[in-house]
Structures are given as structure tokens and as C-alpha cells.
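The next block holds one structure in the form of C-alpha cells; read it before the comments.
The values are calculated or read from the model by the stated rules, or taken from the named source; none is laboratory data. Bear in mind that the values here come from a model prediction, so they are computed numbers and not experimental data. Ideal geometry is used to build each Cβ from the backbone, glycine not excepted, and the neighbour counts take in all protein chains shown. Side chains included, ligands, DNA and RNA excluded: accessible areas come from the protein's heavy atoms. Shrake-Rupley method; radii C 1.70, N 1.55, O 1.52, S 1.80 Å.
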Amino acid sequence: MKDGLLMIERIVIESLSKKEKNIQEIEIDTNLAHGLLLNILPNLLMRNMIKYKNGTYSIDKEQCFSWLAEVNKKENVKEEAKEIFTSLVNQYFKKDPLLTPQVGPQLKIQKMWLTRDEEMILKSHMATLEAFFNGVKETRKYHPQREKTCEQRVVIWGATCYSDLVEGVLQAV
């Protein structure tokens, strides 16, 4: 990804956005291998996304406005979303059958016909989920938890017509 972020770069940026850290603290917070971090961090330094001073890495707050807009462009976020979906699908299908569903990755896909009333109920449930997630985010602003960046949950949900998905696949070919 030229101007966007890879998922492994994003987790480092998110980790450093909480507070400056040394490489060992980044390793613990992100669960990324030390060797991998030794490859990622210089790249982020060259892109002026982070700074290094006295053994500590931090977000380059003076430069962040120049790269933040680029990273969050629609096309770059789209590529990150594809990477997330691909990783989730791959994780799900390689999961250990001995793990309980609550421990391993979960992936649920349903195709069904919905009446107008059922469609309204589905939209209501999705709005409730979104309100829940927004509430959790808001709560964390005022009551932060001491949690590792790598322990965040990635929750994906959505709905569309089957024909729209098929049309999207046909346009991609």
C-alpha cells in the first residue's frame, strides 16, 4: 500500500497514539514480533508518521496532519478493509476445531429473504449495535481501560442484497 497503511502499520500507529513507547512496550502492546517491528518502525519514521528520540517512539504530531488525510482517503481505507476481511476469513477457515467459538475467530454469513417488517427489525438491531459500539468508545474516553492494542475486538457487520454483491464481483472482473 503506497499511501495507505498496512494492518501491521496501523496497529503500531494506534499503539503510539495512546502514548509514546520504547520498542519493547510496542511489542507487548501490539503482540508483533521484535524483528517485524525492526522493519516497520524505520518505514514509519521515513514516512514522517512517527519520531524517535532517546529510545522512545511517538506519533509525529507536527507532521500527522499531512499524512493522516492521505491514510484516511476512501481508496486507502478500502484497501485496509479488504485486508481485514481477508485476514478474518483466512483465520476462520484455519481455526483450531478444538477451540470453542468464543475463543477463536467468528464469522457468520446468512442469506435469507426478509419481509418489510423483518428488514426494519434488522435495521433496528444494526442501529442498536452501532449505538452500543459508539457508547463503548465514548466511555473509553472518560474511563480508559489498561488494555493492549492487540486485544481490541474487530467486529464486522453489514447487510446488502445478494444481487448487489454479485454485481460488485462482476464489476471487479
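The set of residues in region 18-35 being open to solvent by 30 Å² or more (accessible area, probe 1.4 Å) and either in contact with a Ser or Thr (Cβ under 9 Å, 6 or more places away or on another chain) or not in a helix (DSSP H, G or I) (or both) consists of K18, K19, E20, N22, E25, N31, A33. Looking across T149, T128, T139, one residue alone is polar (S, T, N, Q), at pLDDT 90 or above, open to solvent by less than 100 Å² (accessible area, probe 1.4 Å) and farther than 30 Å from I28 by Cβ. It is T128.
Can you pull out every residue in region 45-79 that is surrounded by fewer than 16 Cβ atoms within 10 Å (Cβ to Cβ), outside any helix (DSSP H, G or I) and charged (D, E, K, R)? Across region 45-79, the qualifying residues are K53, K61, E62, K73.
The set of residues in region 135-160 that are under 15 Å from M7 (Cα atoms) and of a type in the set (K, R) contains only R153. Scanning region 1-17 for residues that are open to solvent by less than 50 Å² (accessible area, probe 1.4 Å) and either of a type in the set (S, T, Y) or assigned to a helix (DSSP H, G or I) (or both) turns up E9, I11, V12, I13, S15, L16.
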